[in-house]
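Structure first, then comments.
Every read-out reported here was derived from the displayed coordinates using simple, explicitly stated rules and does not represent laboratory data. Since the model is a prediction, treat every value here as computed from it, not as a measurement. All Cβ positions, glycine included, derive from the backbone under ideal geometry; neighbour counts span all protein chains shown.
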Amino acid sequence: MSHITHRSPAPLSPEVRRLVDNIHRAGRPPMHAMSVDQARAFYQAGAPLLDLPAPAVDKVQALHIPARDDHLMLARLYAPQSDQALPTLLYFHGGGFTIGCLDTHDVLCRQLSLLGQCAVISLDYRLAPEHRFPTAVHDAWDALQWLSVHAHELGLDGQRLALGGDSAGGTLAAVCALMARDAGLPLRLQLLIYPGTTAHQDTASHSTYSQGHMLDKDTVDWFFAHYIDVQDRADWRFAPLNASDHAGVAPAWLGLAECDPLVDEGIAYADTLRMAGVPVDLEIYRGVIHGFMTMGRAIAQAKVAHADAAAALRTAFAES
């Protein structure tokens, strides 16, 4: 792991630079200056302005998935029409474990279902600060266990499952992939979109992109202060890079943003998985920022990344 304090930032693409400049000119208050309720409302209101129009999917169905404490988690199933049991991606949305919901990631899940020719179940896991670490981990794992047992009741193929998520959701996917290995629950793929993997934000990219690239250092600190106590941050369920052994986990597709505080820890996780003998496909999208996958209206590279992620799903699900 690199602990270099700074390096020259990579240039933003012209369209990303325009977006960042426009948001700056609009006087957007930083998220860390908002209350949690304000930040959630702001994020949800902004999502459709930046994302692609929602494409039609044959089936969109609300589900309720029980957690270990009998809380019923809301989830949303997206599926193409099919006479066969469909392979399924269980998806965890991003938002620093504090913001985000099914609606903020609706377009991305629709895209992955359409392009990946698979079902997608998006999970509304519980958020901090009302539910601090490790509730989100428990919710994500409980949903995967439930899906592995009940997939056939939904017309899904419980033998062809994948996990995915972006940012904090990517962390949850990586953690649940480790837990699935330990439980003997086979997965076809872990789809990790700019995941957080380290205990502390001390990589070079966290310094280089700490300001002016949408996800600033104070906002990262704000998210994690709401989610987890400092003394718990070395726990591998928060920092999957800290897991003692990565051998035998599901193959991984990682999609990273070049101009992102989290890019170095994503690369470090890909390297760690490879060193443990795990097949890894790593894509770094140049000139884009954290969160770009849900900014397809403003950032054309999002559509490229959607197609790449979906291709990885199709390949993983097609293997016998």
Stretched fully, the stretch from R126 through I23 gains (0.36 nm per residue minus C-alpha distance, one decimal, in nm) 34.2 nm
List the longest stretch of the chain that has no exposed loop site; here a site is one of the GluC sites (Glu not before Pro) assigned by DSSP to anything other than H, G, I, E or B, with at most 14 other Cβ within 10 Å.
131-318
Which residues' amide hydrogens lie under 5 Å from the amide hydrogen of L156, considering only partners 5 or more residues apart or on another chain, with H built in the peptide plane?
L86
So which residue, out of G94, G170, G277, gets the largest mean-square fluctuation from a GNM of the chain using Cα contacts under 10 Å as springs?
G277
Give the angle, between 0 and 90 degrees and rounded to the nearest 10, that separates the Cα long axis of helix 106-116 from the longest principal axis of the Cα atoms of the chain.
50 degrees
Taking θ = phi - 60°, what integer Hz values does the Karplus form 6.51 cos²θ - 1.76 cosθ + 1.60 yield along the stretch 293-305, in sequence order, with x for Gly and Pro?
4, 10, 10, x, 5, 9, 10, 5, 4, 4, 5, 4, 5
Would you please give the residues with an amide H less than 5 Å from that of T98, counting only those at least 5 places away or on a separate chain, with H modeled from the backbone geometry?
A128
The stretch 143-154 - phi-based ³J(HN,Hα) in whole Hz, Karplus 6.51/-1.76/1.60, Gly and Pro as x
5, 5, 4, 4, 4, 5, 8, 9, 3, 4, 5, 9
Rounded to the nearest 20 Debye, what is the dipole magnitude of the chain about its Cα centre when Lys and Arg each give +1 and Asp and Glu each give -1 at the C-beta?
600 debye
In the stretch 47-101, the trypsin sites (Lys or Arg not before Pro) that fall in loop regions by DSSP, at most 13 other Cβ within 10 Å:
R68
In whole Hz, the Karplus estimates of ³J(HN,Hα) for the stretch 65-71 (6.51, -1.76, 1.60; θ = phi - 60°; x where Gly or Pro) are 10, x, 8, 5, 9, 6, 4
